[in-house]
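Encoded as C-alpha cells, the structure appears first; notes follow it.
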Amino acid sequence: MGEFRDLLRETAERVAGYRERLPELPVSSAHDVDELRAALGGSLPDRPRKPSEVLEQLAEAAEPGLVAIAGPRYFGFVNGGSLDAAVGADVLTAGWDQNAALPVMSPAAAMVEEVVGSWLKELLGLPGEASFGLVTGGQEANTVGLAAARHDVLARIGWDVEADGLVGAPPVRVVAGAERHVTIDRALRVLGLGARSVVEVPADANGALDVDRLDDELAGSPDRPTIVCLQAGNVNTGAVDDLARGCTTAHRHGAWVHVDGAFGLWASASPTTRPLVSGVEQADSWATDGHKWLNVPYDSGFVFCARPDAHRAATSFAADYLPPPEAGDLRAPFDYVLSASRRARGFAAWAALQQLGRLGVAELVDRCCRLARRFAVALGEADGFEVANDVVLNQVLVRFGDDDTTDRLIDSVQRDGTCWMGGTIWRGRRHMRISVSNWSTTEADVDRSVAALLAAARSLPV
Ligand SMILES: *Cc1c(COP(=O)(O)O)cnc(C)c1O
C-alpha cells in the first residue's frame, strides 16, 4: 500500500505542478505527431510493469501533446476550465471507482445526482418537477431530450415508438432554427428521425430563430407530430432565441419544445443575463453542459424533462438481474441517460456548485460576458478588425480583412501561443471565434491576448 500512496502523492504533485505552470505555458501544443506516436506507441508490452514507471512514462510522453485548455487564455470552441474543487472531486471519483448506474451500487453517487439535479433546476430556473439525467455532455443531453420528445409526440397519436420503432410510423416533423447546433442533427440521425426531417426556420442577423416564421411554418401543416428545437446560445454568436414567444407559439400548435442551451442556459443563473432566456421554463426538455460554463472537468452534461414519464419511457430499462425501478427511495440514475454502467460524474458537478455557490455562478457568468465585451471593444477599435456579432453573452466573432487574411491571422495567433482562438464560417465568411468560458480568465488575460492579436496582425505579410 505504501507504493500506491507514493504513486498518488507523485501524481498529485504532477497535477499541481502542471496547473501552477498553466497560466504561463504556451497555450497551443508544439507537438510533433511522430514524436508523440513514438513516445506513446510502440508494441504493447508483454509483461506487467510497475505502476509508477507507467505513470512516469505517460506523463512525460503526453505533456508535449497537451493543450492548455484549462488555462486562462484558451478561447477556443466553448471550452471551460476546471474548478479546483471539481478537479479534486474527480480525483476522489477515480479513487472511489463507483458505478453510478444504480443506488445499490453506490448510494452516495445516486444521492449526489439527485441533489445536483435539484440545485441545477433552481439555478437555471427550470420547473421543480422536471426529471434529470447527468450525461456526458451536450450531445447526449440533446439526444435524450429529443428521444423524450419523439416518444411524446408519437404517443399522443397512439404510436408506441419504443415498442414498434419508426418503420411505418407517422412522420415526425422537427422544426429548428437555421443556426442550430450540429449535435441536434446527429441526435436526429441516431434517433431514426433523420437529419432531413428538419424544417429550417431562418435566423436573424445574430443567429436567433425568427419566431414569426416559426409560426407560419407550424400553421402551414397542423396536426403533424412536431418537435420544435430552440436554442439558448449560438455556438458562434451566443445568440439566444426568443424562448418565451417560441414556446408559446410551438405549444399553440401542439408541438414539443426542446431547448439546446449547452452554454447559453447558464444566462439564467445571473440576474443580469436572465432576461435573455426569459420563458425558458415553458419548454418541455432542456440540454446543457457542465464542462462548458460551469467549469466542471470533462465529461459533464445535464438533461431535464418537464414530463418525467416521457423521459423514462425513452431511456429507462430493466433486466432480471437489476433491482426493480422503484426499489428504495433513490431513483436509478441510469434510467435517465443512454449508458448503463457509468462514471460517478455527479461528485465533480456537486463540488463545482459548492465551490461557487449561487452567487459565484452568477458572478462567473457576468464576468465572462464582461470579458467578452472587453475583447469586442478593444478589437472593434483596432485597425483592420471588425466585430461581426452582437455580443450578448460570452462569444465574440471577429474578422480581419478577407477570408484568407483572417485565416492567416488565426494561424499566426495559434502558433504564437499567448492565447488560442479557433476559426469558423459565419454568414459565408471566415471569422475568428473568441469564447470566454474559463473561471480563471482575468482582464489582464484579455488585454494580453488582445496585444498578441494586434502584434500578430501587424506582422502578417501583406
Ligand atoms: C457545445 C454545444 C453542444 C454540444 O455539447 P458537447 O458538450 O460538446 O456535446 C450543443 N449545442 C450547443 C449550442 C453547443 O454550444
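The values are calculated or read from the model by the stated rules, or taken from the named source; none is laboratory data. As the structure is a prediction and not an experimental result, all values here were calculated from the model. Don't worry about glycine lacking a Cβ; one is built from the backbone with ideal geometry, like all the others, and counts go over all protein chains shown. Heavy atoms of the whole protein, side chains included, go into the accessibility calculation; ligands, DNA and RNA do not. Shrake-Rupley method; radii C 1.70, N 1.55, O 1.52, S 1.80 Å.
Given the criterion touching a helix residue (DSSP H, G or I) at 6+ places or on another chain (Cβ under 7 Å), open to solvent by 40 Å² or more (accessible area, probe 1.4 Å) and either within 16 Å of the ligand (Cβ to nearest atom) or in a helix (DSSP H, G or I) (or both), identify the matching residue among Leu338, Leu294.
Values: Leu294 fails: open to solvent by 40 Å² or more (accessible area, probe 1.4 Å).
Checking each option against the conditions leaves just Leu338.
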Legend entry - Looking only at segment 94-151, and only at residues there that are hydroxyl-bearing (Ser, Thr, Tyr) and farther than 28 Å from Ala169 by Cα, the one that is surrounded by the fewest Cβ atoms within 10 Å (Cβ to Cβ): Ser118
Inset, instruction - Collect the residues in segment 228-257 that are part of a strand (DSSP E or B) and within 16 Å of the ligand (Cβ to nearest atom), keeping them in residue-number order. - result: Val228, Cys229, Leu230, Gln231, Ala232, Val240, Val257
Inset, instruction - Check off (1) over 30 Å from Ala100 (Cβ atoms); (2) open to solvent by 40 Å² or more (accessible area, probe 1.4 Å) for Trp439 and give me the number that stays unchecked. - result: (1)
Legend entry - Sole exception among (1) surrounded by fewer than 24 Cβ atoms within 10 Å (Cβ to Cβ); (2) within 16 Å of the ligand (Cβ to nearest atom) for Val280, by number: (1)
Inset, instruction - Kindly establish whether Val365 is within 26 Å of Ser118 (Cβ to Cβ), outside any loop (DSSP other than H, G, I, E, B) and open to solvent by less than 10 Å² (accessible area, probe 1.4 Å). - result: yes
Inset, instruction - Could you please let me know if Ala287 is away from the ligand (no atom under 16 Å from the Cβ), farther than 18 Å from Ser435 by Cα and of a type in the set (Gly, Ala, Ser)? - result: no
Legend entry - So Thr272, is it surrounded by fewer than 24 Cβ atoms within 10 Å (Cβ to Cβ), in a helix (DSSP H, G or I), of a type in the set (S, T, N, Q) and away from the ligand (no atom under 14 Å from the Cβ): no
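Tally up the residues in segment 392-406 that are surrounded by fewer than 23 Cβ atoms within 10 Å (Cβ to Cβ) and under 29 Å from Ala267 (Cα atoms), please.
2
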Inset, instruction - Kindly indicate whether any position in segment 86-94 is without any contact (Cβ under 8 Å) to a residue 12 or more places away in the chain and not in a loop (DSSP other than H, G, I, E, B). - result: yes
Inset, instruction - For segment 371-391, enumerate the residues that are under 23 Å from Asp204 (Cα atoms), open to solvent by 40 Å² or more (accessible area, probe 1.4 Å) and free of Cβ contacts under 8 Å to residues at least 24 places away in the same chain. - result: Arg373, Val377, Gly380, Glu386, Val387
